[in-house]
Structures are given as C-alpha cells and as structure tokens.
1. Go ahead and collect, in residue order, the members of the stretch 42-76 whose backbone nitrogen is under 13 Å from a label point 7 Å along the Cα-Cβ direction of residue 22.
2. Taking a point 7 angstrom from the Cα of residue 6 along the C-beta vector, which residues in the stretch 63-96 have backbone N less than 14 Å away?
3. Can you give the FRET efficiency for residue 142 and residue 309, using 1/(1 + (r/R0)^6), R0 = 51 Å, r = Cβ-Cβ distance, to the nearest 0.05?
4. Under 16 Å from the 7 Å Cα→Cβ point of residue 14, by amide nitrogen: which residues of the stretch 58-97?
5. Distance in nm between label sites at residue 165 and residue 49, each 7 Å beyond Cα in the beta-carbon direction?
6. Along the Cα→Cβ direction, 7 angstrom out, place labels at residue 327 and residue 406. What is the inter-label distance in nm?
7. Take the Cβ-Cβ distance between residue 265 and residue 35 as r, set R0 to 30 Å, and report the resulting FRET efficiency rounded to the nearest 0.05.
8. State, to one decimal in nm, how far the label point of residue 130 lies from the label point of residue 358, with both points 7 Å from Cα in the Cβ direction.
C-alpha cells in the first residue's frame, strides 16, 4: 500500500473509515492521547514502538496519519476517531531537507519527507539524524549526499523546501472571453509553455490569473527570508522570465561552496536581507544587467559553429557529453537522460544563452540539453574497410567536422552579453 492509495483530498471530510480509525487509535494509544511539547519526542515515541513494522505501514503513510492525528485530536475522547462527523484533512506536501556541515569539513545530505508543515518535516529529519541513519532512513527518503571532506556531524544549517503538494484541492473557475482575448492567451501560453517557466500568478494584460504556483523557491514559512529575498528580486526585475530568476536564485543566491560564505548569508548579514546591492556587486553590475535583460524566448536554428569560441572549446573538451572534463556531478547520468529526451522540434526545455554583438551565442545554462540536441545534427558517415585482405567487411561511424553538422532547433532564453554592455 502506498500513500497515493489512501490519501484524502483536502475537501474529503467524511468520517474516517475502519482502516483509518484503527491506525489513528494505535497512534493515540502510543502517544497517550497527547501531542508532546517537542514533535521530535512524538517521532521518537512512535518509531521506538516499531509502529511501522507492527502495522505494516509505509513511512509516508505514517507521516500522513500523524498529521491526521494532530489535526483531529481535539475532536475525540478516549481515542475513538470514528465519532468524528467532519474530518479535518491536512494539506500534505513533500519537503526536501538539506543538511549542511561546513566548519571542519564539508558535507551536504539531502532527504525528502512527507508532512503537513515544515516544522514536522524538520523534526522528522532531526529524528533521523539523532536516532536513525540519514543515508538509510526509516522516516525520510534519502535523495543525495556529497562529501568534500570529513564525516557528517556538527550540523550548522538546515533548509526545508517544498517539492510538491500531495492532496491540494484546486478550485477552477470558468471565465468568458472574446476572440481577441483567446488569441492573447494562446500567445502567452506558447511563451510560457516551458518547464519551470510560469508567470507565478502574475496577471496578464487581460486580467486572467493563472492557477499555477512556483514551489521550487523555498516558501515553507510566511516569514521565510528566502521567500522575502526572492520577492524583492521579482519586484526589481518585473520583466525577467520566472525561469531566469529561479535559475539565478537556485544556482547563485542559494549556492554553497566549501570554505566560503553562502551568498544567502551575506545578503542577510551584510545587506539586511536586500539582495539588490549584492546583485549589483562591486559596481560593474554584470549580474544586474544579466537579470535586467531585455530577455526574449526564441527557437534557434543552430549548429556548434553558431556559438562563441569558448563555448565551442567546452563542447570539444567534453566531446559533446562523452567526457566529464570539468568534474560535473552525475555528468554521464544526466547526459544519458538528455539524450533519451532530446527532440528536433524546438520544444525542449529552454537553455540560457548570451548573445554577443557578432551574433554568436555563449551558453550559460543547459549544457547537457544543448550538447544532446546539437548531436542530432551530426550525421556520421559509414566507413567500410577490408581488414587483412580477407573478405570480411567491418564498418564504423566517423563523425563529420562540427562545421558541417546540420542545423538543429533549440529553444533558448536570450539576453545581450553584459560583458559588452559594460564596455559601452
């Protein structure tokens, strides 16, 4: 049994069924009909009782039932949850938990956990750290870990981000539009129909508001400084695509590197949570000009020679994904994934490029996507030869020179190269 088989929609408030009553009664008995002052104590008590093994529960199901227990405990007496006529169904989410160590050593461990709020997600991870095993977890799910040096210990930071919602009821509304408004919607949706690129509830000119929400930026608490910093960026760069802002936020603002102060902490400590002075930097304003644009989304018709020299050199050093020349994490796996997903109609998840005054492109983001797509323009020639003068013919493929590769379609966000804006 998996969580998706039993989880309720948030509007499904009918009385608990027999299975739900049985699980909730066992949680009630184990916790003594209370919620402890520290939820970590709740998790310790539940896990120490071997409730997962005794009831044959999946860990995600246990976290879901613990949330049901908390939200409905005030409606019962003596643990009889069958008497509740209108059930409170918590809004469940899957959280990503990143635990960092960066004092005497550097390590990052990333797990996920199901919970109805970030505090429970953090406490479940704390239990895993204190009493379980982060790499072979019982209450969470291990996603990734990286080690530069040392062992995990002496935790100094922990981030909790929403990955996705699990049972939210989305209310849809019907609107009446005219033909010109429909044309505008179709134009906008064509622009935004890319992965992670949505208007984040920005209103279109006609006043229609999308129902989508961005969850990849940490928004797990209303007072979360990450969210406030991102909102300030959004106000400073109102015309910058969400895709670009999110990429910068994840890969620059939230970046962590050994033996250096994370940008997010510098923004909080030096600039009182204002990211704009940090983005403007030492006065040359490269990142500011980059984010400010102007940006456009296009389907390019390119081969490797349409890129700037340094990008071509990187393509060649990496042999278009066959060689991990720069020690890119999971490079081969990521390249294999993109090779299996590549397409020739220009509807790929967009990459990010700078355009130079000579019309050449410098690739900023999306290397695996770009290299896999460009490889579709390589039309190898079959070369047959006779070995040792016998009658057996052997064949092999010889790649053509990259200048002779066919053009391919590649969707990209494009911005003028700030290097040249700075020199003007």
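1. 54-57
2. 63-69
3. 0.75
4. Counting backbone N atoms under 16 Å from the label point, the list is 82-89.
5. Using points 7 Å along Cα→Cβ, the separation is 3.1 nm.
6. Simple spin-label model gives 3.9 nm for this pair.
7. E between residue 265 and residue 35, to the nearest 0.05, is 0.35.
8. Inter-label distance under the simple model: 6.2 nm.
No value in this document is a laboratory result; all are computed from the given coordinates. In this text, all values refer to a predicted model and were calculated from it rather than measured experimentally. FYI the Cβ positions are ideal-geometry reconstructions off the backbone, even for glycines, and counts take in every protein chain you see.
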